[in-house]
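S.K.: Handing you a structure now.
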Amino acid sequence: MSGAPGPGFRPTHVVPPRGMPAWEAPDPARPTVPLDPLLPVQLLERRGDWAHIGCANGWAAWVDGRGLVAVPEDPPVADGPPGAADPRPLLARVTEALAAYRCAVDELAAGSLAGEEFTDRTRGLRIGIVVDGEAVWLYDPEESRWMYGDGRRLTTYATDRAVTGDNGPGHAPTRLVTPDGEP
């Protein structure tokens, strides 16, 4: 189930925004822990619709490869489009959220906070940060998106917002029909 990825783990895909089930082997009878939404993964092997993926921590699993979201080979250019953001405010919010989480963990470990109180204090807390040299990926929970930056500017990398119906295909939904033409 595990096999540490080689040095320089580079994700090829991310888990869809709703997360996804995973299996120990390409066998539906061997489920394992489901994968978190927008988790970066590396595609290691394909067997039909099955995909063997690896995570940065060395954990590996099999998933339905049709649900994986491909990521661009290179991150977006950080000084890209107008509206690119200064990374400092988001870094400050991540720092505050991490400090709040650490405080709750410290109190839980010291026994001054019960497990249920810990759950209440951390409910809804979402923090995400990956730093790789000058590159940074920050999760912005207020906007439900991952941002990429190079130290100077941030741009949207991926979002977990629900897709609205505004960008529909412009035609009626496709219907499946039987060979004799009946739906």
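S.K.: Within segment 120-156, track down each residue that is of a type in the set (Lys, Arg) and either touching a helix residue (DSSP H, G or I) at 6+ places or on another chain (Cβ under 6 Å) or in a strand (DSSP E or B) (or both).
M.R.: Correct list: Arg121, Arg145.
S.K.: Looking only at segment 26-41, count every residue that is in a loop (DSSP other than H, G, I, E, B), in contact with a Phe, Trp or Tyr (Cβ under 6 Å, 6 or more places away or on another chain) and exposed (fewer than 14 other Cβ atoms within 10 Å of the Cβ) and tell me the total.
M.R.: Looking only at that region, the number is 1.
S.K.: What residue, among those in segment 42-83 that are modelled with pLDDT under 85 and open to solvent by less than 50 Å² (accessible area, probe 1.4 Å), is nearest to Arg18 (Cα to Cα)?
M.R.: Once the filter is applied, the top-ranked residue is Val71.
S.K.: Please enumerate the residues belonging to segment 86-117 that are open to solvent by less than 60 Å² (accessible area, probe 1.4 Å), under 18 Å from Trp137 (Cβ atoms) and assigned to a helix (DSSP H, G or I).
M.R.: Once the filter is applied, which keeps residues that are open to solvent by less than 60 Å² (accessible area, probe 1.4 Å), under 18 Å from Trp137 (Cβ atoms) and assigned to a helix (DSSP H, G or I), segment 86-117 yields Pro87, Leu90, Ala92, Val94, Ala97.
S.K.: Give segment 42-61 a look and list any residue that's among the small types (Gly, Ala, Ser) and in a loop (DSSP other than H, G, I, E, B), or say none.
M.R.: Of everything in segment 42-61, those that are among the small types (Gly, Ala, Ser) and in a loop (DSSP other than H, G, I, E, B) turn out to be Gly48, Ala56, Gly58.
S.K.: Starting from segment 94-112, take each residue that is in contact (Cβ under 8 Å) with a residue 24 or more places away in the chain and among the acidic types (Asp, Glu) and list its partners that are open to solvent by less than 80 Å² (accessible area, probe 1.4 Å) and outside any helix (DSSP H, G or I), counting only C-beta distances under 8 angstrom and pairs at least six apart or across chains.
M.R.: Listed pairs, sorted by first residue: none to list.
The values are calculated or read from the model by the stated rules, or taken from the named source; none is laboratory data. As the structure is a prediction and not an experimental result, all values here were calculated from the model. With ideal geometry, Cβ positions are generated from the backbone for all residues, glycine too; neighbour counts draw on all protein chains shown. These area figures cover heavy atoms from the full protein model, side chains too; ligands, DNA and RNA do not enter into them. Shrake-Rupley method; radii C 1.70, N 1.55, O 1.52, S 1.80 Å.
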